[in-house]
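Step one of this worksheet: look at the structure below.
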Amino acid sequence: MNEPSPAAQHRLTEDPNIGRVLLTEQQLAERIQELGAQITEEYQDRRPLMVCVLRGAYAFTTDLAFAIDLPVEIDFIAVSSYGSSTRTSGVVRLVKDLDVDLTGRDVILVEDIVDTGLTLRYLRRSLEVRGPASLEVCTLLAREAADLEGLGVKYVGFTIPGDFVVGYGLDVGEKYRNLRYLAVYEPDEVSTP
Ligand code: PRP
C-alpha cells in the first residue's frame, strides 16, 4: 500500500494520536438540543447570561446558545490550570475577566468539562460574590469520579470515564479543539502534539 502523503499526514482526521471516537457529532448535537430545550423551559421569562469558560467551552457555548429559544446574553471568562500540560497545576489563574456586571443576573456558567472540579470551585467562589440572582452550571462533560452535587452542577451533557479526551473545544497543547467530535487522545513516543 502507498504511504500517505505529507499533506495527508498533516490532516487532523489522519492524526495518529486521535484514538477511539467517544462521542460523534450527532450524539453531541442531539444532547445539546435536549439541554437547550430544558434551559428554554426553565428560564421561560428570563434573559439568562451565559458565561463561557474559555477556551475549551467555546464550541459548546455556541451550539448550546443556538439551541436555547430565549434572548440570551453571552460573556467570556478565561481561566487556566492546565497550561500546555495534560495534568492540572493545582492552581487556577484568572486570565480574562467578564465584561458584564453580574448583579441581579441569571447566570449559566458553561463549561466543557468538569474533571477534578478545581476550576469550577474557583469560578463559583469568584462569581457568587458578585451578586447574581441565580448561578447554575452547565457542563458538556463530567468525569464519572467528579462530585457534581457538591459542585452544584445542574446540567450535564455526558458523564465520561477517565480517558484523556480531545475535540469539540478540548485540546492538548492547543491542538484538536476544532475536531468536530470527541475522541480519546492516545499519545505515543514518536509523535508529539
Ligand atoms: C480545562 C477545562 C475546564 C478545566 C476542568 O481547562 O476547560 O475549565 O480544565 O478541569 P478541572 O475540573 O480539573 O479543573 P484548561 O485549564 O485546560 O484550559 P482551556 O479551557 O483553555 O483548555
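The figures follow:
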{"read-out": "Selected residue (only one of Leu70, Leu54, Leu64 is at pLDDT 95 or above and within 11 Å of the ligand (Cβ to nearest atom))", "value": "Leu54"}
{"read-out": "Complete set of residues in the range 131-169 that are modelled with pLDDT of 95 or more and acidic (Asp, Glu)", "value": "Glu136"}
{"read-out": "Odd one out for Glu136 among (1) within 16 Å of the ligand (Cβ to nearest atom); (2) surrounded by 15 or more Cβ atoms within 10 Å (Cβ to Cβ); (3) outside any loop (DSSP other than H, G, I, E, B)", "value": "(1)"}
{"read-out": "Selection count where residues are in contact (Cβ under 8 Å) with a residue 24 or more places away in the chain and surrounded by fewer than 16 Cβ atoms within 10 Å (Cβ to Cβ), scope the range 28-43", "value": "5"}
{"read-out": "Candidates Leu123, Leu141, Leu109, Leu127 - the one that is part of a helix (DSSP H, G or I), within 13 Å of the ligand (Cβ to nearest atom) and closer than 26 Å to Glu41 by Cα", "value": "Leu123"}
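The values are calculated or read from the model by the stated rules, or taken from the named source; none is laboratory data. Fair warning: this is a prediction, and the values are worked out from it, not measured in the lab. We place every Cβ from the backbone using ideal geometry, glycine too, and count neighbours over all the protein chains shown.
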